[in-house]
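Colleague: I'd like to ask some things about the structure below.
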Amino acid sequence: MSAASAVSTASPGSWEPLWAEGRRYRQLCQTEKQLMAEHLGPGEGRPALDIGSGDGCLARHLHHDLGYRTTGIDCSPSAVAVAAAHSSGTGPAPAWQCLDFTTGDLTTLPDAAYALITCRLVYRWMDDKPGFLGRVRHLLAPGGVFWVVTEIAGRRTTPHPALLRLGILPADAELLAAGWSLVHTADLDVLRCYALRP
């Protein structure tokens, strides 16, 4: 195993250099925002947790536009700094916290349970997907929603092998959707959006 492959794709060691050098990722589009409005509904001040919040675009949308009381977490200190620097709008901003969701102490989060947990363009990179989903279920409040946006393998038309590996395989999609009382999906070009309820 090479030194590069020994680094977990979910770890700060993998993501911190990318955020520190100024890398940015896909922003929310109007169609994705509409899907969230349909599947998540108004937040009404309920707590939301955005895992892998990156530059904070999703957390800010949940907080300012949908009305959730949102905490954004990311394992990269540079990503958290970018998100905090871009906080704007009226009223309190989302809370930002540097935390590796897969290994960190979840009791340091501001709430013991969340009405909404989001995971946008992050699930693909979880090395231990069953463990990750177990941690999500532990924090999701009864009647809550787990919102996942992930690329699906085979949807890109590109010869670039690195881009072709961005999508999740059918087995990962099955694992993600298993064991929920309600599963709603919506396709958005190469992405699939999941609204999962316990």
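No lab work stands behind these numbers, since they all come straight from the coordinates. Bear in mind that the values here come from a model prediction, so they are computed numbers and not experimental data.
Colleague: For a quick check: with amide H placed at 1.01 Å from N, whose amide H comes under 5 Å from residue 120's, ignoring anything fewer than 5 positions away on the same chain?
Modeller: Counting only residues 5 or more places away or on other chains, the set is 51, 149.
Colleague: Just to check I understand the Karplus step: with θ = phi - 60° and J = 6.51 cos²θ - 1.76 cosθ + 1.60, what whole-Hz values come out for the range 115-125, glycine and proline as x?
Modeller: Along the range 115-125, the couplings run 5, 9, 10, 10, 8, 10, 6, 10, 3, 3, 8 Hz.
Colleague: Counting only residues 5 or more places away or on other chains, whose amide H sits under 5 Å from the amide H of residue 188 once H atoms are built in the peptide plane?
Modeller: Here 193 satisfy the definition.
Colleague: Would you mind checking which residues have amide H under 5 Å from residue 145's amide H? H placed 1.01 Å from N; only 5 or more apart, or other chain.
Modeller: The answer is 116, 117.
Colleague: Which whole-Hz couplings ³J(HN,Hα) result when phi for each residue of the range 175-183 is put into the Karplus expression 6.51 cos²θ - 1.76 cosθ + 1.60, θ = phi - 60°, listed in order with x for Gly and Pro?
Modeller: 4, 4, 8, 6, x, 9, 6, 9, 10
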